[in-house]
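Reviewing the structure listed below.
The values are calculated or read from the model by the stated rules, or taken from the named source; none is laboratory data. In this text, all values refer to a predicted model and were calculated from it rather than measured experimentally. Positions of Cβ are backbone-derived with ideal geometry, glycine not excepted, and every protein chain shown enters the neighbour counts.
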C-alpha cells in the first residue's frame, strides 16, 4: 500500500505568524524582495531601501551568494538576483500549465494587434506579470516577469477585480487605498465600482493612461473551473497607436483569447 504522506506542519503548529516566523529569515527575504525590484543595487542602496543595517545586509547577501541566489559584479560593486533564485521561482510556474497554454495565444494576439501581449495574476492588491510577448515596434510596453503593479490602475487588475465579490474589492480599497498615478487614475471607490460593473457588462477592461501617461492597455480575465478570475491577458501599447477606438476594437478579440486560455487550462468562461 502507498504510504500516507506526512503533513507539513508539526503537531504543535500555531497559525500566529508572530510565533512561527523566523526573524532572521524574514529580514533576509525582505532584502531579496527589494533586490528583485531593481536592476542592480549597491550595498548602501540596499541597506537604505530595506531599512536594515549595512552589516546585516552584507551577511544576508554573502549567505545568498554562497547558494547562487544573488550575484555580485566586482567591477560595479552592484548586487543582482542570481540564477538559483530564478530556478527556485520557476518552480511556481511548474505548478500550473497556465503560462505554457497562454504563450501560443499571446503570440497570436501580438501578431494580430501589432502590440505587446501580457499575462498576469493577482497577488493581494497587486498584479504580478508572468509572461510577455513583445511587439517589434520600437516604442512598446515592457513588463519583465515578476514586475508588480497596482491592481486598480491596471487593465488586468481591473479585469480581475470586476469578478471578485464586492466585499473583497472593498477590503482592498480599505486596506491599501486607491493611489493616484496620473490625472486619469480612478481614486474614488464609487467610480471604481461603476467601472467594474461596466467591465463585467462588456467582458473586458481598459487601462486608459491610468498608470502611465501615454500608454493604454486592454485586458480580459482567465477563469478556473469554478468560474473564478485567476489571471488575465492584455495587449498594451502607446496611445498614438492604441487609440480609444482601436482599444475598444481589441476588447472582443482579447476576451476571446482569454476564453481560449480558460478552456485550455480546464476553466469555465464566465
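Number of residues in region 198-230 that are within 21 Å of residue 181 (Cβ to Cβ) and free of Cβ contacts under 8 Å to residues at least 24 places away in the same chain equals 1. Scanning region 161-189 for residues that are in contact (Cβ under 8 Å) with a residue 40 or more places away in the chain and over 23 Å from residue 252 (Cα atoms) gives 172, 175, 176.
Could you list, in sequence order, all residues of region 150-160 that are closer than 16 Å to residue 117 by Cβ and outside any loop (DSSP other than H, G, I, E, B)?
Going through region 150-160, the residues closer than 16 Å to residue 117 by Cβ turn out to be 154-156, 159.
Of everything in region 150-160, those that are closer than 16 Å to residue 117 by Cβ and outside any loop (DSSP other than H, G, I, E, B) turn out to be 155, 156, 159.
Let me spell it out: the conditions are (1) surrounded by fewer than 19 Cβ atoms within 10 Å (Cβ to Cβ); (2) in a helix (DSSP H, G or I), and residue 269 meets all of them except one. Which number is the exception? Single failed check for residue 269: (2).
One line per residue, one yes/no per condition, for (1) touching a strand residue (DSSP E or B) at 6+ places or on another chain (Cβ under 8 Å); (2) more than 30 Å from residue 240 (Cα to Cα):
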position	(1), (2)
48	no, yes
57	no, yes
66	no, yes
69	yes, yes
128	yes, no
133	yes, no
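In this entry, residue 192 passes the filter for residues that are closer than 17 Å to residue 165 by Cα, in the same structural domain as residue 108 (by TED's automatic domain parsing) and touching a residue at least 12 places away in the same chain (Cβ under 8 Å). Flag not set for residue 38, criterion: under 26 Å from residue 128 (Cβ atoms) and at pLDDT 90 or above.
For region 36-148, the strands (runs of 3 or more DSSP E) that sit wholly inside it and include 2 or more residues that are in contact (Cβ under 8 Å) with a residue 40 or more places away in the chain and either in the same structural domain as residue 236 (by TED's automatic domain parsing) or more than 23 Å from residue 262 (Cα to Cα) (or both) are 78-81, 116-123, 126-133.
Only residues that are buried (at least 17 other Cβ atoms within 10 Å of the Cβ) and not in a helix (DSSP H, G or I) were counted in region 164-177, giving 1. Checking every residue in region 231-250 against the condition of being surrounded by fewer than 20 Cβ atoms within 10 Å (Cβ to Cβ), touching a residue at least 12 places away in the same chain (Cβ under 8 Å), part of a strand (DSSP E or B) and in the same structural domain as residue 201 (by TED's automatic domain parsing) gives at least one match. On the basis of being in the same structural domain as residue 139 (by TED's automatic domain parsing), part of a strand (DSSP E or B) and more than 27 Å from residue 165 (Cβ to Cβ), does residue 218 make the cut? Taking the combined requirement at face value, the residue does not satisfy it.
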